[in-house]
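Rule-based calculations on the coordinates, nothing more; no lab input. What you are looking at is a predicted structure, and each value in this text was computed from that prediction instead of being measured. Cβ sites come from the backbone with ideal geometry, for glycine too, and all protein chains shown count toward neighbours.
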Amino acid sequence: MNLLNTFKNEFVGRHIGPNEAETREMLGKIGIGSLDELINKTVPAAIRMQSDLDIPEAVSEFAYLSELKDISLKNKVFKSYIGQGYYDTITPSVILRNIFENPGWYTQYTPYQAEISQGRLESLLNFQTMVSDLTALPIANASLLDEATAAAEAMTMFFNALNRDHDHITRGKFFVDERIFPQTKDVVITRATPLHIDVVFGDYNTVDITADFFGALVQYPDADGNVADYRAFIEKVHAAGAYVAMATDLLALTLLTPPGELGADAAVGSAQRFGVPLGFGGPHAAFFATKDDFKRAIPGRIIGVSIDAQNQRALRMALQTREQHIKREKATSNICTAQALLANMAAMYAVYHGPQGLKNIALKTTLLTAALSAKLKAAGLQLRNSSHFDTITIESADAAAILAKAQEAGINFRQINAQSFGISLDETTSVEDVNAILAIFGAGTVTDAEVEKATNGIPAALQRTSGYLLHPVFNTHHSETEMMRYIKTLENKDLSLNTSMISLGSCTMKLNAASEMIPLSWNHWSKMHPFAPLAQTDGYQQIVRELGVYLCKITAFDACSLQPNSGAQGEYAGLLTIKGYHESRGEAHRNIILIPISAHGTNPASAVMTGYKVVIVKALENGYIDVTDLKAKAEQHKDNLAGVMITYPSTYGVYEESVKDICNIIHENGGQVYMDGANMNAQVGLTAPGLIGADVCHLNLHKTFAIPHGGGGPGMGPICAAKHLAPFLPSHVSLQASNNGTHHANAVSAAPYGSASILLISYAYIRLLGQQGVRKATEYAILNANYMKARLENAYDILYTGVSGTCAHEFIVDLRPFKTSAGVEAEDVAKRLMDYGFHAPTMSFPVPGTIMIEPTESEDKAELDRFCDALLAIREEIRTIEEGKADKANNVLKQAPHTQAVVTADEWNRPYTRQQAAFPLEYVKLNKFWPSVSRVNNTFGDRNLICTCEPTSAYAEAEA
């Protein structure tokens, strides 16, 4: 029986790094007798769980994959013509295998350390160039969460531009054309409401844009499929002093006059149909492009071109002072995680097909649509469209019967209402598919010749004449051999989890196991449209239902929404839930949120987005929240207190003993407690937000529950809440009809379950580890952190610990003394770690001049030791500077990182050896990772902003 249990629990040993012998050694180094003793010393007894989690026991990887295959077959994957921003697409196999399924691309974090991130930075620059070219707007970001939230971000950007003082709004109206996608409408309303923006829906042809409007949003092509000429409308809006955003389609823009040429101020949309699977709603990369005037207001990451210490071209994240981790409540957006992996896939799709290949796909799609339209008109059907790219809308009193007949044939159309429905074609549509559609109507057939001769449905005045994707990168890699090697070249420039440990504090860079990832490529999961009839989605519904239950059990809450598709969006959704609760009690005036000074930057940014005023709570010298200050401020604002946002364990890496008192103080003063789930990897199975006293929390599934970070996304940030908040969780327009209208909207994402396909990863994580394994993972996360702390504490100052002298799952190393003693700063240590083959821990958060280390449970003792050896060796390098044996300005730290080109150059004039530069410890020789550029010049990049691919001549100039 024990043997059989061993097989059932085999994944636990695969996921957790240290074995039993290593565990004993590590505990010995800490000076503690057992793992239980360590946990008892670390986690306050008052918040400990008294029983095991009520979730299933572990299953083997083989058994799990077999079970999941059976669940997938419950999904009925029909041929989808629903459209509305989601289209079937062909993912080129070379991209599927070498990016989507490749841990060298999906396991990195956001590229904060540019020197070891040049590969994905180049790919994201390609994405920005692609978007900028196709929209004809000069500034594009490196992706947003989805089209609907991108549209809401455009609205907010315009609002902020014309309303500097939100307490005295002079322009409060935003026009949205009635032919916008329904999910975009809902998300825009959700975002507008707490900011007191008045969203006006109507017909762009007839609306009167007065001086109290700050902006407008139109769809191009619109939801009905029409391709409208918005030039006159844009001029009218501009004449009123307002701005215009266009929600658009990248594939359509290969044929349509682009938004920039029509006069638009911003363009948003989804890059999904550029080779990214439907996945029941995601993940997909949204895009956002705008005029140069808005370059310091645009939300999200921007990749820019700079130079390195050798004056060579180097890429980096540009204009970071706009972002939440620096500006906090004054940030342009709360965006942190975006959709980098999917942006890279979309960019590679454009690289692989090139401009002519993309145009051919668009032409095929629009000509098939034209042939279908002509046949349906000839058969007497009434079409609402006067023009089209890929979508037609049909008006018929028999709409319900036609939709039912289509479903009998395995086909889904888009139901609009009882008298109309839509049909959207895509890249995968063939002549045979069109004939299957026509058969439903008894409207004959089309031939290849008829399609070739079909009349283009795009008005002549809106047919594109300008070029795009002219850069060599989009005109070179069209054979699979070239493409494979280009992808590999970029991959080799990036340090990923398949290289070494990435110990970013508060980021939880744990194993993303192959068995968790494999099912994402299965057709029954990847090809499901998010608005498919619920009866066809039983497999997904089972995953959603069971995962929601597991997360409620883990958090000790009663209800769960899986809709938020990032941690920051989970924060926003949680705060909206609190807001809805207060409003339902006639307490809409509660508008104060208390936030500790140590909070993640997304916390205050999300609070401002929700319409709250932020009041900062002080921290004590030991890193704890100042409960006296919190109590005073809670009582001062008790009549208007909405709540508090706390992280547990704190961002200082300790379990605060006073956390229950904090929750009680807030509740006594009429507020609710929001818990940021960023550090949930130190809670699962040991304690829980609901047990501690919180009312709502979000979970970073891309941290605690094994979804990979993708180089900057995707992520998922579902929220769990207590029973009294359950009625105010987000819902979705697509769920309303099937729930008798009982769901309110309050949507925060374009799709009902956010990036639904990657929920499979977290579902797998819980099933594979099981009841005992998820707790064991938490215990080993704590063990690994305390072992590293024990190894480093005699060489470095460790800033904060709990009352027993232990840390939680992460700890902070103070590097500030070295600035005085040796002129060495945190950045120097971070760059030098690259020479040792490691990504730096989190820098200068939550305390400037420090590094925060989180090893996770997945790293074994050997890897922990290598990292500690590297930091200890760096301490000795600092000591040589302190003792005057090395120059303060010219040493291995200040010159780090050292590239292969520098180390192998004919000339070497540095006061240390090449060996010291590149191979400072023996283990480095076994698996050397070379940074591809020297230290990047951040200031140069911001002062000379270039965020698209430069002409080929620029590369030659950089090398000269």
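Under a straight-distance cross-link criterion of Cα-Cα below 26 Å, which lysines are reachable from residue 359, leaving out those fewer than 8 residues away in the same chain?
Leaving aside lysines fewer than 8 places away in the same chain, those within reach of residue 359 are 79, 291, 375, 453, 527.
What are the ³J(HN,Hα) couplings of region 124-139, residue after residue, when phi is run through the Karplus curve with 6.51, -1.76, 1.60 and θ = phi - 60°? Round to Hz, x for glycine and proline.
Each residue's phi maps through the Karplus curve to give 5, 5, 4, 4, 4, 4, 4, 5, 4, 5, 6, 8, 6, 10, x, 10 Hz.
Give me the number: length gained by fully extending residue 232 to residue 913, i.e. 0.36 nm times residue separation minus the C-alpha to C-alpha distance, one decimal in nm.
238.4 nm
Take the Cβ-Cβ distance between residue 166 and residue 492 as r, set R0 to 60 Å, and report the resulting FRET efficiency rounded to the nearest 0.05.
0.80
Which net charge results when you count Lys and Arg as +1 and Asp and Glu as -1 among the other residues whose beta-carbon is under 10 Å from that of residue 443?
+2
Once both labels are modelled 7 Å past Cα along the beta-carbon direction, what's the residue 453-residue 476 spacing in nm?
4.4 nm
Within 10 Å of each residue's Cβ, count the other Cβ atoms and sort 628, 149, 428 from fewest upward.
Fewest-to-most Cβ neighbours within 10 Å comes out as 628, 428, 149.
Before rounding to the nearest 500, sum -39500 (n - 2.57) across all DSSP H runs of length at least 4 in the chain and divide by the residue total; then give [θ] at 222 nm in deg cm²/dmol.
Roughly -11500 deg cm²/dmol at 222 nm, from the helical runs in the chain.
Using Cα centres only, tell me the gap between region 48-124 and region 280-314 in whole Å.
24 Å
Taking only C-alpha pairs under 8 Å that are 6+ residues apart, what is the relative contact order of region 383-434 in percent?
36 percent
By counting other Cβ atoms within 10 Å of each Cβ, how are 517, 484, 345, 852 ranked from fewest to most?
By the 10 Å Cβ count, ascending, the order reads 484, 517, 852, 345.
Using only Cα atoms, locate the centre of region 334-403 and the centre of region 777-841, then give the distance between them in Å, rounded to an integer.
Using only Cα atoms to place each centre, the spacing works out to 52 Å.
What is the fewest-to-most order of 522, 908 by other Cβ atoms lying within 10 Å of their Cβ?
Result, fewest neighbours first: 908, 522.
Within 13 Å, Cβ to Cβ, of residue 429, how many net charges do the neighbouring residues add up to if Lys/Arg are +1 and Asp/Glu are -1?
Net charge around residue 429: -3.
Considering only DSSP beta bridges with both partners in the chain, what is the antiparallel share in %, to the nearest 5?
The answer is about 55 percent antiparallel.
I'm spelling it out carefully: the read-out is percent of Cα pairs over 51 Å apart, the candidates are [x] 17; [y] 34; [z] 37, and one was derived from this structure. Which label?
Given [x] 17; [y] 34; [z] 37, the calculated one carries the label [x].
Among 856-867, 77-88, how do they line up from the highest to the lowest mean number of other beta-carbon atoms within 10 Å?
Peptide ranking by packing, descending: 77-88, 856-867.
What is the helix-to-structure angle for 759-792, meaning the angle in degrees between its Cα long axis and the longest Cα principal axis of the chain, kept from 0 to 90 and rounded to the nearest 10?
Helix 759-792 and the main axis of the chain meet at about 30 degrees.
For residue 541, what charge total do you get from the other residues with a beta carbon under 15 Å from its beta carbon, if Lys and Arg give +1 and Asp and Glu give -1?
0
Which one, 716, 699, 586, projects farthest toward the positive side of the charge dipole computed for region 556-767 from Cβ point charges (K/R +1, D/E -1)?
716
Could you state the principal axis extents of the C-alpha atoms in region 556-767, from the largest down, to the nearest angstrom?
Computed over the Cα atoms, the extents are 48, 38, 27 Å.
Treating the angle as unsigned and between 0 and 90°, give the value, to the nearest 10°, between the Cα long axis of helix 659-668 and the longest Cα principal axis of the chain.
Helix 659-668 sits at roughly 50 degrees to that axis.
Could you give the dipole magnitude of the chain about its Cα centre, charging the beta-carbon of Lys and Arg +1 and that of Asp and Glu -1, in debye to the nearest 20?
With only Lys, Arg, Asp and Glu charged at Cβ, the dipole is about 260 debye.
Which whole-number percent gives the relative contact order of the chain, counting Cα pairs below 8 Å spaced six or more residues apart?
It rounds to 20 percent for the chain.
Please turn the phi angles of region 13-21 into ³J(HN,Hα) values with the Karplus equation 6.51 cos²θ - 1.76 cosθ + 1.60 (θ = phi - 60°), one per residue in order, whole Hz, x for glycine and proline.
x, 6, 7, 8, x, x, 8, 5, 5
Looking at region 49-135, which GluC sites (Glu not before Pro) are in a loop (DSSP not H, G, I, E or B) and have at most 15 other Cβ atoms within 10 Å?
Those that pass, being in a loop and sparsely packed, are 57, 101.
How far is helix 826-835 tilted off the main Cα axis of the chain, in degrees rounded to 10, range 0 to 90?
Rounded to the nearest ten degrees, it is 80.
Using R₀ = 41 Å, calculate the FRET efficiency as 1/(1 + (r/R₀)^6) where r is the Cβ-Cβ separation of residue 41 and residue 542; round to 0.05.
Taking R0 as 41 Å, the efficiency between residue 41 and residue 542 is 0.50.
How many angstrom separate the Cα center of region 539-590 from the Cα center of region 173-224?
Answer, in whole Å: 27.
Have a look at the DSSP beta bridges in region 556-767 and tell me what percent are antiparallel, nearest 5.
Looking only at bridges with both residues in region 556-767, the antiparallel portion is about 30 percent.
Does region 388-503 come out rounded, prolate or oblate by the C-alpha gyration tensor, with a ≥ b ≥ c the root eigenvalues, rounded set by a/c under 1.5 and, if not, prolate when a/b is larger than b/c and oblate if not?
prolate
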